[in-house]
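Before any comments, here is the structure.
The values are calculated or read from the model by the stated rules, or taken from the named source; none is laboratory data. Please read all numbers here as calculations on a predicted model, not as lab measurements. Here the Cβ is made from the backbone with ideal geometry for all residues, glycine too, and neighbour counts use every protein chain on show. Just the protein is used for accessible areas: all its heavy atoms, side chains included, with ligands, DNA and RNA removed. Shrake-Rupley method; radii C 1.70, N 1.55, O 1.52, S 1.80 Å.
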Amino acid sequence: PSQLARRKYTNVAQTAYVIVKEEGIGALYKGLVPTMMRQGCNQAVNFTMYNIFKRKLLEIQNTKELVHWQSLVLGGISGGFGPIVNNPLDVVKTRMQKQVIKPGKPVKYTGIAQSIMMIAKEEGTLALWKGITPRLMRIMPGQAITFMTYEAVSSSLTEKGYFV
């Protein structure tokens, strides 16, 4: 209750207003490029790994479709590859978003390459994978469910003649 009275941000509109007032309109877009790169990279890696694993398992089993639990397991495993590959971009995105921009003052993190080099130099290369364990614990179950659902829906629609 007393903590709520001292909160800087109370809702989305008020938060945007305060950020623009304090840091300028550009502050709303801090970390946009690394975020887009992270997401693109993440999806490319996840789907590529899933398809590699799926093809190999279907070949080994000599079948045309996975059983639901198999797509669940493969989806979870492949879902872990994206975060492992893109975690440096996630760390950079977070650092860029967290830094406060003050007019006339230089910012610490100016771009992706500069940020990666600075973090690695100051904290060591492994710092680019900070937070990977909780990310994997959050993302892998969701990807498992996503791929299993995708396979089930795709199979059902194919059986009904919606896809050839």
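Numbers below:
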| item | result |
| --- | --- |
| Whole-number percent relative contact order across the range 67-143, with pairs defined as alpha carbons under 8 Å at least 6 apart | 47 |
| Environment charge of Leu58, counting only residues whose C-beta is closer than 14 Å and scoring Lys/Arg +1, Asp/Glu -1 | +1 |
| Cα pair distances exceeding 16 angstrom across the range 67-138, given as percent | 57 |
| Rg/Rh ratio calculated on Cα atoms of the chain (Kirkwood radius) | 1.12 |
| Exceeding the 24 Å Cα-Cα cut-off - candidates Lys21/Lys105; Lys105/Lys130; Lys8/Lys130; Lys56/Lys93 | Lys105/Lys130; Lys8/Lys130; Lys56/Lys93 |
| Of all accessible heavy-atom area on the chain, the percent that carbon and sulfur account for (1.4 Å) | 66 |
| Probe 1.4 Å, accessible area per residue of the range 74-164, Å² | 61 |
| Pairwise FRET efficiency - Val67 versus Phe47, Cβ, R0 = 35 Å, nearest 0.05 | 0.95 |
| Mean separation of Cα contacts under 8 Å, 6 or more apart, over the residue count of the chain: relative contact order % | 27 |
| Inter-label distance for Val85 and Ala127, nm, one decimal - labels placed 7 Å from Cα along Cα-to-Cβ | 2.6 |
| Backbone N under 17 Å from the Leu57 label point (7 Å along Cα→Cβ), restricted to the range 135-149 | 140-149 |
| For the range 107-164 versus the range 16-53, the gap between their alpha-carbon centres in whole angstrom | 11 |
